[in-house]
Amino acid sequence: MTLTFLGTASGLTVVHRRHFSILVEASGEPFLLDAGEGVTQGLLECSMEPERISAVCVSHTHPDHAAGLPMLLQTCYLRERTAPLDIYLPEGRIAWFERMLRGFNIFDSRWKYPMCLKPLEEAAERLPLRVFRNHHLDTIVDVAPAFGLDAVSYSYVVSDSDRRVLVSSDILGIGDIVDHLPGVDFLVLDATHTEYRDIVELAERKPGLTIVLTHIPPEVEDNAHPLQEMARNGRLTLAEDGYSMQIN
């Protein structure tokens with residue numbers, strides 16, 4: 001299994017990072033975990049043809065995790081993709097996404113490849129992963145229903161053979177994932193919404209767990225930041241765009 005970090009920025013745009021997306025190559029097929037702005041360019045830079053992507057999973061529909069998807073679809077169209085593309089979306093967001101695509105003049109019936117929009121929790125039926133809900137969107141649970149939407153976000157566990165990788169996506173805090181860490185070998189952790197003290201404590205408590213930080217906020221770029229010190233000491237890895245992780 002290989003994970004390639006196509007985008008590692010936080011929600012704040014910076015010049016040297018694209019927004020969140022991870023290319024997973026496992027069980028013989030490439031698929032995406034999230035599709036932030038710049039995902040298509042990221043695929044091209046790592047020599048992955050966009051039309052080879054078999055599926056896209058979207059943990060939640062914040063722009064830094066989903067705004068790159070329309071351009072990916074358009075690129076596949078212009079490159080004459082014919083194979084179906086499965087797009088797995090959070091609960092309650094399929095009809096919303098269909099409306100958004102029509103607003104972009106993306107009409108499935110006019111394209112050469114079908115886009116199959118499915119609930120994210122069905123992704124495990126064809127991909128080597130499972131999803132579980134986290135609390136990242138708890139702050140809007142009282143607002144979203146007024147617009148006919150659910151405030152639901154997810155994290156991922158990707159499995160290949162006897163290896164498991166937990167990809168937190170965005171979370172409310174470390175408490176969202178601790179119950180899912182048993183049996184996990186690698187943790188890809190959101191560095192924006194997780195207190196750095198909790199990351200330090202986790203690294204000390206689980207020395208056998210490989211921790212890779214993504215969703216990097218600007219303050220973590222400072223060489224004096226505690227997480228930079230941990231990275232220099234080899235206790236964790238700060239991902240950069242294009243960083244590839246081979247998991248054997």
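The values are calculated or read from the model by the stated rules, or taken from the named source; none is laboratory data. A quick note: this is a predicted structure, and the numbers were derived from the prediction, not measured. Here the Cβ is made from the backbone with ideal geometry for all residues, glycine too, and neighbour counts use every protein chain on show.
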Q: Name, by its number, the condition in (1) within 20 Å of HIS19 (Cα to Cα); (2) polar (S, T, N, Q); (3) over 22 Å from the mean Cα position of the chain (by Cα) that does not hold for SER169.
A: (3)
Q: Return the only residue of ASP198, ASP222 being modelled with pLDDT of 95 or more, within 22 Å of VAL15 (Cβ to Cβ) and of a type in the set (D, E, K, R).
A: ASP222
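Would you be able to tell me the number of residues in region 49-71 that are small (Gly, Ala, Ser) and either assigned to a loop (DSSP other than H, G, I, E, B) or in contact with a helix residue (DSSP H, G or I) (Cβ under 6 Å, 6 or more places away or on another chain) (or both)? Don't jump to the end; show me each part of the working.
Within region 49-71, the first condition is being small (Gly, Ala, Ser), and the residues that meet it are 54-55, 59, 66-68.
Adding the requirement that they be either assigned to a loop (DSSP other than H, G, I, E, B) or in contact with a helix residue (DSSP H, G or I) (Cβ under 6 Å, 6 or more places away or on another chain) (or both) leaves 54, 59, 67-68.
Here the count works out to 4.
Considering only residues that are farther than 29 Å from ARG99 by Cα and crowded, with 18+ Cβ neighbours inside 10 Å, which ones fall in region 139-179?
Going through region 139-179, the residues farther than 29 Å from ARG99 by Cα turn out to be 157-166, 173-179.
Correct list: VAL157, VAL158, SER159, ARG164, VAL165, LEU166, ILE174, ASP176, ILE177.
Quick check on my filter: what residues within region 179-212 are touching a strand residue (DSSP E or B) at 6+ places or on another chain (Cβ under 8 Å) and polar (S, T, N, Q)?
Going through region 179-212, the residues touching a strand residue (DSSP E or B) at 6+ places or on another chain (Cβ under 8 Å) turn out to be 180-181, 183-192, 199, 202-203, 209-212.
Residues satisfying the conditions are THR192, THR210.
Say whether the condition of being closer than 30 Å to ALA83 by Cβ, among the hydroxyl-bearing types (Ser, Thr, Tyr) and modelled with pLDDT under 95 is met by at least one residue in region 135-146. If you could, list the steps in order and put the result at the bottom.
Filtering region 135-146 down to residues closer than 30 Å to ALA83 by Cβ leaves none.
Looking for residues that are closer than 30 Å to ALA83 by Cβ, among the hydroxyl-bearing types (Ser, Thr, Tyr) and modelled with pLDDT under 95, one finds none in region 135-146, hence no.
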**Q.** Residue ID - nearest to ASP170 (Cα to Cα), chosen from residues in region 103-138 that are over 19 Å from the mean Cα position of the chain (by Cα) and loosely packed, with under 11 Cβ neighbours inside 10 Å
**A.** GLY103
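Each row is one residue, and each column tells you yes or no for (1) of a type outside the set (Lys, Arg); (2) closer than 29 Å to LEU189 by Cβ.
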| position | (1), (2) |
| --- | --- |
| ARG102 | no, no |
| PHE107 | yes, no |
| LYS112 | no, no |
| ALA123 | yes, yes |
| LEU137 | yes, yes |
| PHE147 | yes, no |
Q: May I ask you to list the residues in region 96-134 that are closer than 21 Å to ARG81 by Cα, aliphatic (A, V, I, L, M) and modelled with pLDDT of 95 or more?
A: LEU117, LEU127
Q. Consider GLN74 against the criteria (1) outside any helix (DSSP H, G or I); (2) out of contact with any His (no Cβ under 6 Å at 6 or more places or on another chain): it satisfies all of them except one. Which criterion is unmet?
A. (1)
